[in-house]
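Scroll down for the structure; my scribbles are underneath it.
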Amino acid sequence: MTSFIQITDTHIVAPGALVCGQSDTATALQQAVATINAKLPQLGDVDCAIVTGDLTDHGTPEEYAHFSALMDALDLPWRAVPGNHDRRDVMRSAFSDAPWMPGNGPIQWTHDVGPFCVIGLDTLLEGAHYGALSDEGFAFLDKALTAMGNQCAIVATHHPWMRTGIAAMDADMLQGGARLLERLQAHPGPVQMISGHAHRAMTCQIGRVHCQIAPAPCHAVALDHRAGQDAQMVLEPGAVTVHLWQGMDEGYLTSNILPIGSFPGPWPFHE
Ligand SMILES: [Fe+2]
Ligand SMILES: [Fe+2]
C-alpha cells in the first residue's frame, strides 16, 4: 500500500521571526518533520511529501533557505507547488536543482506513483491572494490527463475550487476553476483534488471530483461562517495529512489528518 504525505502552508519567515507576531511557523514545521519521521516506521511504503504552497510568507531568498534547511531533516523526498505567498522565480532559484522544478514557466509537474498519478498545478497569480490556472497550466493538465487514460488522477493545487464557508477565504479562492473542474469530470478514472490555502481540514464532493483542503502545521484560519467577517488566525493544533492509496474497487485515497506533536500512548484497548 502506497501513501504520500501532504504538508501545506508552512509560511516560513526569517529565522527568529513570527508571522503576524504570533505564529512560530519554523517551530511548527520542525515539529511537523519530527512527527512525520517518528511515524514513518508505522506507515509502510511512503512515496514522498507534497507541499501544496505558501512555503514561505513573503517569498524571499532568505525564507526559502530557511524552509529548505528545515525540510532537510525530513526522511522523505519532497516536491512542491507555489501558493499566493510564494514568489515563482525566487522559489525556482531556491530549488533549481530539484528534479521536479521546471526551468521556466509555471511550477507544475506530474508524479506517477503507479496506481495513481499526482499532477501538481501552479495557481499563483503574482500580486493577488486569489489564484488562477493559466492557459499554459490548463494545457499541461489536459495533456497529462489524456496521457493517463483511466489511471486515478490526484490534482495538487494551493488554491482550492471548493467553497469553505469562510467568507474572506472564499473571496480569495481559485478564479475560473469551473473550467478545471469540467476537465477533471471528463477524466475516465477516479479523480481527487488536494489543496491548501484555507488552513483548515475540509472535504466535499463536486460531481465526480472529491475535493480536500489540508490543515497547516502552523496557524489555522478561524472557523467563522458569518458574512462580512475578516479572516483571522488562530493557533489551533497543527497537522499534516497522510494520503493512503486503497487499491480495491475503483481505487481511492484514505486521507488521515495527523496532529503534530507527541501524545500519551498508544496503549492496548483491553484492560
Ligand atoms: Fe497559507
Ligand atoms: Fe494561500
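The values are calculated or read from the model by the stated rules, or taken from the named source; none is laboratory data. Since the structure is predicted, the reported quantities are computational estimates derived from the model, not experimental observations. No Cβ is skipped: glycine too gets one built from the backbone with ideal geometry, and neighbour counts run over all protein chains shown. With ligands, DNA and RNA removed, areas are computed over all heavy atoms of the protein, side chains included. Shrake-Rupley method; radii C 1.70, N 1.55, O 1.52, S 1.80 Å.
So what is the relative contact order for the chain, in percent, with contacts set as C-alpha pairs under 8 Å and at least six apart? Can you show the working numbers first?
Values: 615 pairs, mean separation 51.9, N = 271.
Worked out over the chain, it gives 19 percent.
In the stretch 220-271, the portion of solvent-accessible area held by carbon and sulfur atoms comes to 57 percent [1.4 Å probe, whole percent, DNA, RNA and ligands not counted]. Shape verdict for the stretch 12-101, please, from the Cα gyration tensor: rounded (a/c under 1.5), prolate (a/b greater than b/c) or oblate. Because a/c hits 1.5 or more and a/b fails to exceed b/c, the stretch 12-101 counts as oblate.
Between the stretch 205-243 and the stretch 2-56, the C-alpha centres lie 16 angstrom from each other. Computed from backbone phi, the HN-Hα couplings of the stretch 114-124 come to x, x, 9, 10, 9, 10, x, 10, 9, 10, 6 Hz, rounded to whole numbers (Karplus: 6.51 cos²θ - 1.76 cosθ + 1.60, θ = phi - 60°; Gly and Pro given as x). Residues of the stretch 75-100 with an amide N closer than 11 Å to a point placed 7 Å from the Cα of E136 along the Cα-to-Cβ direction: 89.
For N256, nonlocal amide neighbours, meaning residues 5 or more places apart or on other chains whose placed amide H falls under 5 Å from its own, are V242, H243, L244.
Suppose we flag trypsin sites (Lys or Arg not before Pro) only when DSSP calls them loop and at most 15 other Cβ atoms lie within 10 Å. Which is the longest uninterrupted stretch of the chain? Before the final figure, lay out the partial values.
Details: sites that count: R163, R208, R226.
Between the exposed loop sites, the longest stretch runs 1-162.
DSSP beta bridges confined to the chain are antiparallel in about 50 percent of cases.
Kirkwood's formula applied to the C-alpha pairs of the chain gives a hydrodynamic radius of 18.7 angstrom.
Overall, the ratio between the Cα radius of gyration of the stretch 49-197 and 2.2 N^0.38 Å, rounded to two decimals, is 1.02. As a calculated quantity, the FRET efficiency between V234 and E62 at R0 = 30 Å, using C-beta atoms, amounts to about 0.65. In square angstrom, rounded to the nearest 10, how much accessible surface does M248 have for a 1.4 Å probe? Counting only protein heavy atoms, M248 exposes about 90 Å² to solvent.
What order do D122, D135, D24 take when sorted by accessible area (1.4 Å probe), most exposed first?
On the way: D122 5, D135 110, D24 70 Å².
Per-residue accessible area, sorted high to low, gives D135, D24, D122.
Compute the convex hull volume of the Cα atoms of the stretch 186-271, divide it by the residue count, and report the result per residue in Å³ as a whole number.
Numbers: hull volume 14.3 nm³, N = 86.
Hull volume normalised by residue count: 166 Å³.
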